[in-house]
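Colleague: Below you will find the structure I want to go over with you.
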Amino acid sequence: MPRPVGMRSFLVIWAGQALSMLGSGLSGFALGVWVYQQTGSATQFALIALAATLPAVLIAPLAGVLVDRWDRRRVMILSDLGAALGTAALALLYWQGLLALWHILLASALGACLGAFQGPAWQASVTLLVPPAQLARASGLAQLAQAAANIVAPLLAGLLLLSIGVTGVLLLDLASFLLAMLSLVAVRIPRPAATGEGAVRRGLWREARAGWAAIADRRGLRDMLLLFAALNFVLGMVNALAVPMLLSFTDAARLGGIVSVGGLGMLAGSLALSAWGGPRRKIHGVLGFLVALGFGIVLVGLRPSASLVTAGLFLAMACAPVVNGSSQAIWQRKVPPALQGRVFATRSMVALGAAPLAYLLSGPLADRVFGPLLLADGALAGSLGRVLGTGPGRGIGLMFILSGLATAALSLLAYLNPALRRVEEELPDALPRPESDAASPAAEPAGA
């Protein structure tokens, strides 16, 4: 029986990746709660986010070159296999009562290294499998899988921790990796034609530099990349401190419910993007929805109120798929397929490069600076404390508000940059422009 190709291949791989995301969400939630309960330290909790990011940033340029050289399907299979072995090791250590924070950090670092190959290979494969007119919808489907995992994993993990424990949750994650590998074995992904910028093979480092050169030569893409690097620094603090802030006024069970509602927001945004395809000018989807995302983060930090936090998280997570999907569609359309592995890896390195600094700073800032400011006897208790409240977690809440305001401000400033605002008009397409985009962008309402 012939292997599926094209859109059928995309859907088969997507289903396997969706199961893998669910498994990873289960184990990530379980291990995150375990670490925070063991240490009670925001700094040590943030170290996990650092370990899950920094190695990928360091090896991304070489990973991108190898993704362009190797068979992308095999790259994804081997990445899933390595991640499965790491998860199996954690399960064995926990079962034997030997699990420590450094084991989790090591496994997170391994997963980050493998993800540096998996991510560019998957993103570049989508361009080869999906018609250009469907790229934004495909991105919506990819984020739909993540949204479903965000909804189901926290609720299910809370129940599974009571019934099968951390070991059982890790074994379910292991099974999900195996199913993802089977989905990849069942399909075929065509190799890109090596033409133009992607055709010449040089040394690994010279090819890695070619990824950055391809971005630097496209000013609009370069400026969008720098925007996302700044955003990832700002939002990195939010990602690292969300669980400690929520656990300051709620328990693990309610935490799972709040995070799941946030997942519902991501699901809603992903479904909307999959059906709608985003605005005709995708840059409006990036910059416009970033402002709303920032407002949602402000709401999350405003008060220690489950309902307010849930509403803000829903709004922010609903906007994220439109931002990411619109951005991804621009990159996939403007970069030649044969060059996408190294370009997407370089993009990941630069965009995520600021996140490790955010993870390093977030814990100490929360524990030693912002936290003490909003204790009952803190320096800001009589001023901002009257609005935000005082006590554990309120300093982190202030950090969330500042991060949300910075997100909105960065988006508004980026709109003033003509090269970024007009990136779709001023850069030539590497893929044929869909007929639905042929109409003049001027006909679209501003800000759509």
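The values are calculated or read from the model by the stated rules, or taken from the named source; none is laboratory data. Bear in mind the structure is a predicted one, so any value in this text is a computation, not a measurement. In this analysis, Cβ positions are derived from the backbone assuming ideal geometry, glycine residues included, and neighbour counts consider all displayed protein chains.
Colleague: Are there any pairs with C-beta distances below 9 angstrom linking a residue in the range 1-24 that is farther than 9 Å from Ala145 by Cβ and of a type in the set (Val, Ile, Thr) to a residue that is part of a helix (DSSP H, G or I) and at pLDDT 85 or above, with the two at least 6 apart or on different chains, and if so which?
Modeller: Pairs found: Val12/Ser183; Val12/Leu184; Ile13/Arg73; Ile13/Met76; Ile13/Ala180; Ile13/Ser183; Ile13/Leu184.
Colleague: Kindly establish whether Ala329 is small (Gly, Ala, Ser), in contact with a Gly (Cβ under 8 Å, 6 or more places away or on another chain), over 29 Å from Gly211 (Cα atoms) and in a helix (DSSP H, G or I). Before you say what the answer is, go through the steps one by one.
Modeller: On the way: small (Gly, Ala, Ser): yes; in contact with a Gly (Cβ under 8 Å, 6 or more places away or on another chain): yes; over 29 Å from Gly211 (Cα atoms): no; in a helix (DSSP H, G or I): yes.
Taking the combined requirement at face value, the residue does not satisfy it.
Colleague: Here is a check on your reading of the model: is Ala121 surrounded by 20 or more Cβ atoms within 10 Å (Cβ to Cβ), in contact with a Lys or Arg (Cβ under 6 Å, 6 or more places away or on another chain) and either at pLDDT 75 or above or under 18 Å from Pro337 (Cβ atoms) (or both)? Before you say what the answer is, go through the steps one by one.
Modeller: Values: surrounded by 20 or more Cβ atoms within 10 Å (Cβ to Cβ): yes; in contact with a Lys or Arg (Cβ under 6 Å, 6 or more places away or on another chain): yes; either at pLDDT 75 or above or under 18 Å from Pro337 (Cβ atoms) (or both): yes.
Considered against the rule, which asks whether it is surrounded by 20 or more Cβ atoms within 10 Å (Cβ to Cβ), in contact with a Lys or Arg (Cβ under 6 Å, 6 or more places away or on another chain) and either at pLDDT 75 or above or under 18 Å from Pro337 (Cβ atoms) (or both), Ala121 comes out as yes.
Colleague: Scan the range 71-91 and tell me whether some residue there is under 17 Å from the mean Cα position of the chain (by Cα), part of a helix (DSSP H, G or I) and farther than 30 Å from Val33 by Cβ.
Modeller: First, the residues of the range 71-91 that are under 17 Å from the mean Cα position of the chain (by Cα): none.
No, every residue in the range 71-91 fails to be under 17 Å from the mean Cα position of the chain (by Cα), part of a helix (DSSP H, G or I) and farther than 30 Å from Val33 by Cβ.
Colleague: Please tell me if Gly371 is of a type outside the set (S, T, N, Q), assigned to a loop (DSSP other than H, G, I, E, B) and modelled with pLDDT of 85 or more. Break it down stepwise before answering.
Modeller: Working: of a type outside the set (S, T, N, Q): yes; assigned to a loop (DSSP other than H, G, I, E, B): no; modelled with pLDDT of 85 or more: yes.
No; evaluated as a whole, the condition is false for this residue.
Colleague: Out of curiosity, is Ser176 of a type outside the set (A, V, I, L, M), part of a helix (DSSP H, G or I) and either farther than 22 Å from Met7 by Cβ or in contact with a strand residue (DSSP E or B) (Cβ under 6 Å, 6 or more places away or on another chain) (or both)?
Modeller: Details: of a type outside the set (A, V, I, L, M): yes; part of a helix (DSSP H, G or I): yes; either farther than 22 Å from Met7 by Cβ or in contact with a strand residue (DSSP E or B) (Cβ under 6 Å, 6 or more places away or on another chain) (or both): yes.
Answer is yes for this residue.
Colleague: Do you know which residues across the range 276-325 are closer than 30 Å to Arg394 by Cβ and of a type in the set (Lys, Arg)?
Modeller: Arg303
Colleague: Regarding Ala376, is this residue in a helix (DSSP H, G or I) and touching a residue at least 12 places away in the same chain (Cβ under 8 Å)?
Modeller: no
Colleague: Quick one: would you say Val291 is touching a Gly at 6+ places or on another chain (Cβ under 8 Å) and over 28 Å from Cys113 (Cβ atoms)? Spell out the reasoning first.
Modeller: Numbers: touching a Gly at 6+ places or on another chain (Cβ under 8 Å): no; over 28 Å from Cys113 (Cβ atoms): yes.
So Val291 fails the test.
Colleague: Still on this structure, I have one more. Yes or no: Gly263 among the small types (Gly, Ala, Ser) and either modelled with pLDDT of 80 or more or more than 19 Å from the chain's Cα centre (by Cα) (or both)?
Modeller: Working: among the small types (Gly, Ala, Ser): yes; either modelled with pLDDT of 80 or more or more than 19 Å from the chain's Cα centre (by Cα) (or both): no.
No: the conditions fail for Gly263.
Colleague: Look at Ala376 and say whether it is surrounded by fewer than 16 Cβ atoms within 10 Å (Cβ to Cβ) and modelled with pLDDT under 90.
Modeller: Answer is yes for this residue.
Colleague: If the requirement is being under 28 Å from Ala358 (Cβ atoms) and among the aromatic types (Phe, Trp, Tyr), which of these qualifies: Trp70, Trp34?
Modeller: On the way: Trp70 fails: under 28 Å from Ala358 (Cβ atoms).
Trp34 is the lone residue from the list that is under 28 Å from Ala358 (Cβ atoms) and among the aromatic types (Phe, Trp, Tyr).
Colleague: Okay, moving on. Looking at Leu106, is it in contact with a helix residue (DSSP H, G or I) (Cβ under 8 Å, 6 or more places away or on another chain) and closer than 22 Å to Leu19 by Cβ? Walk me through how you get there before you give the answer.
Modeller: On the way: in contact with a helix residue (DSSP H, G or I) (Cβ under 8 Å, 6 or more places away or on another chain): yes; closer than 22 Å to Leu19 by Cβ: no.
Considered against the rule, which asks whether it is in contact with a helix residue (DSSP H, G or I) (Cβ under 8 Å, 6 or more places away or on another chain) and closer than 22 Å to Leu19 by Cβ, Leu106 comes out as no.
Colleague: Here is a list: Leu365, Leu412, Leu352, Leu339. Which entry is at pLDDT 90 or above, among the aliphatic types (A, V, I, L, M) and assigned to a helix (DSSP H, G or I)?
Modeller: None of the others qualify; the one that does is Leu412.
Colleague: Considering only the range 92-103, how many residues are part of a helix (DSSP H, G or I) and among the hydrophobic types (A, V, I, L, M, F, W, C)?
Modeller: Of all residues in the range 92-103, those part of a helix (DSSP H, G or I) come to 92-95, 101-103.
Add one more test, that the residue is among the hydrophobic types (A, V, I, L, M, F, W, C), and what stays is 92-93, 95, 101-102.
The qualifying residues number 5.
Colleague: List the number of the failed condition for Ile401; all other conditions in (1) over 30 Å from Ala60 (Cα atoms); (2) at pLDDT 90 or above; (3) surrounded by fewer than 22 Cβ atoms within 10 Å (Cβ to Cβ); (4) over 24 Å from the mean Cα position of the chain (by Cα) hold.
Modeller: With respect to (1) over 30 Å from Ala60 (Cα atoms); (2) at pLDDT 90 or above; (3) surrounded by fewer than 22 Cβ atoms within 10 Å (Cβ to Cβ); (4) over 24 Å from the mean Cα position of the chain (by Cα), Ile401 is out only on (4).
Colleague: So how many residues does the range 346-358 have that are over 14 Å from the mean Cα position of the chain (by Cα), closer than 20 Å to Ser125 by Cβ and among the small types (Gly, Ala, Ser)?
Modeller: 0
Colleague: Please enumerate the residues belonging to the range 251-260 that are modelled with pLDDT under 80 and in contact with a helix residue (DSSP H, G or I) (Cβ under 9 Å, 6 or more places away or on another chain).
Modeller: The first filter runs over the range 251-260 and keeps only residues modelled with pLDDT under 80, leaving 251-257, 259-260.
Ala252, Ala253, Arg254, Leu255, Gly256, Gly257, Val259, Ser260 - these are the residues of the range 251-260 that are modelled with pLDDT under 80 and in contact with a helix residue (DSSP H, G or I) (Cβ under 9 Å, 6 or more places away or on another chain).
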